[in-house]
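*Asks:* If you scroll down you'll find the structure; I have some questions about it.
The values are calculated or read from the model by the stated rules, or taken from the named source; none is laboratory data. Everything numeric in this text was worked out from a predicted model, so none of it was measured. Reconstructed Cβ throughout: ideal geometry from the backbone, glycine too, with neighbour counts over all protein chains shown. Only protein heavy atoms, including side chains, enter the accessible area calculation; ligands, DNA and RNA are left aside. Shrake-Rupley method; radii C 1.70, N 1.55, O 1.52, S 1.80 Å.
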Amino acid sequence: MMRPIPVICDCDPGHDDAMMLLLCQASPRIRILAVTTSCGNQTIEKTTYNALRVCTLLGIRAPVAKGSPKPLFGQPITAPNIHGQSGLDGPNLPEPAVPLSPLTAVELMAQTLRQSDEPVTILSTGPMTNTAALLLAHPELKPKIAGISLMGGGIAHGNWTPAAEFNVLVDPEAADLVFRSGLPITMAGLDVTLKALITETDIRRIESISGEVARVVAQWMEFFYAFHKSIGYAGAPLHDAVAAAWLIRPELFVTQQMFVRVETQGDYCRGATIGARPGRTDQSYAPNARCILDLDRQGFVDLVCEAVASYGGAT
């Protein structure tokens, strides 16, 4: 039996962040040590409140800490058109039964790393402000970080602009610092996450599972699917859940080592993630990230449904 992977979940809930937390809590492969929040899908107040409610729903007892209300530079960007005014519109959720840590996100991340008896993986599914600030404030703790599994960027294209994916665009300087950190990075970008679709048929499958968590998840997916259907998608892409699913069931994915850098300037390309495949460039572009490029969609959906059923329901 493999030891569970200790993780810090750094997120901005968000429907797909909530599904990331659900997969982590359901899996014996993951041990959540801390949850930290960033501004992104909504303001820091709303994403933190959402994180506390999701942790209450799922029985996550790890400490939760609030991150910075803004990126390292510039002003916040939010996505109420996708996630609603609350950042997690849809079903009613329980009020928080877990307290908010008095520590900041960076302080909690640093404390968690110091106290862990083994290196910790950072699971980053929002703007990378907290992780970048941690690396700047505590470079001595880098050896305590096993790696970073992140949802962000896209080698082929963006989604918030033609060139930039939302999480990276919100704080390109933070993302640039993370990709330059020298730490092992696995990037779940749009190249794979846009294939991680939950269709109407999959939602009906989730509805067939008994229990409160299944009811909430089905309603989350209904809300998320309705928006994406309105703009021409065949399903709701669970972007952030891919970064967790990679840790839980890596055999579902196709990856390639690549050199990745973040563009921090320009009117049209700020926030773009530029990728170079080995053999197509000179040695100065040595790979610094494992990029996930494809997945077994049915296997991914099965993993999601198994996780939902583990909370007390059966199909």
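*Asks:* What is the sum of charges around T47, taking Lys and Arg as +1, Asp and Glu as -1, for the other residues whose C-beta is under 15 Å from the C-beta of T47?
*Replies:* Numbers: positive: K46, R53, K66, K70; negative: D10, D12, D16, D17, E45, D89, D171, D240.
For residues surrounding T47, the net value is -4.
*Asks:* Once the convex hull of the alpha carbons of the chain is built, what does its volume come to per residue, in cubic angstrom?
*Replies:* 129 Å³
*Asks:* Could you work out the local net charge near F227, counting Lys and Arg as +1, Asp and Glu as -1, over the other residues with Cβ closer than 13 Å to its Cβ?
*Replies:* Here the count lands on -2.
*Asks:* Determine the calculated [θ] at 222 nm for the chain from helices alone, applying -39500 (n - 2.57) to every DSSP H run no shorter than 4 residues and normalising by the residue count; nearest 500 deg cm²/dmol. List each step's numbers first, then the result.
*Replies:* Working: 12 runs with 118 residues, N = 315.
It lands at -11000 deg cm²/dmol.
*Asks:* Of all the accessible heavy-atom surface of the chain, with the other protein chains kept in place and a 1.4 Å probe, what percent is carbon and sulfur? Walk me through the numbers before you get to the answer.
*Replies:* Values: 6690 of 12320 Å².
Result for the chain: 54 percent of the exposed heavy-atom area is carbon or sulfur.
*Asks:* Then there's this: Skip the ligands, DNA and RNA, and give the accessible area per residue of the range 5-309 with a 1.4 Å probe, whole Å².
*Replies:* Heavy-atom SASA per residue in the range 5-309 reads 37 Å².
*Asks:* Let's test the formula: R0 of 35 Å, r as the Cβ-Cβ distance of D89 and H157. What FRET efficiency results, to the nearest 0.05?
*Replies:* The value I calculate is 0.85.
*Asks:* For each pair in K46/K142; K66/K144; K66/K142; K46/K229, compute the distance between the two Cα atoms and list the pairs where it is over 27 Å.
*Replies:* Exceeds cut-off: K46/K142.
*Asks:* Now, a different point. Relative contact order for the chain: what is it in percent, counting Cα pairs under 8 Å that are at least 6 residues apart?
*Replies:* 19 percent
*Asks:* Between Q257 and N81, how many nm apart are label points set 7 Å from Cα along the C-beta direction?
*Replies:* Those two pseudo-labels are separated by 4.0 nm.
*Asks:* Considering only C-alpha atoms, what is the centroid distance from the range 136-172 to the range 1-80, in Å?
*Replies:* Value for the Cα centre distance between the two parts: 15 Å.
*Asks:* Related question: Any chance you could run the full-extension gain for R114 through H228? It's 0.36 nm times the residue separation minus the Cα-Cα distance, nm to one decimal.
*Replies:* 36.9 nm
*Asks:* Let me ask another. What net charge do the residues around Q265 carry, taking every other residue with its C-beta under 15 Å from that of Q265, with Lys and Arg at +1 and Asp and Glu at -1? Write out the running numbers ahead of the final one.
*Replies:* Values: positive: R261, R270; negative: D171, E173, D176, E263, D267.
Spelling it out: positives minus negatives among the neighbours equals -3.
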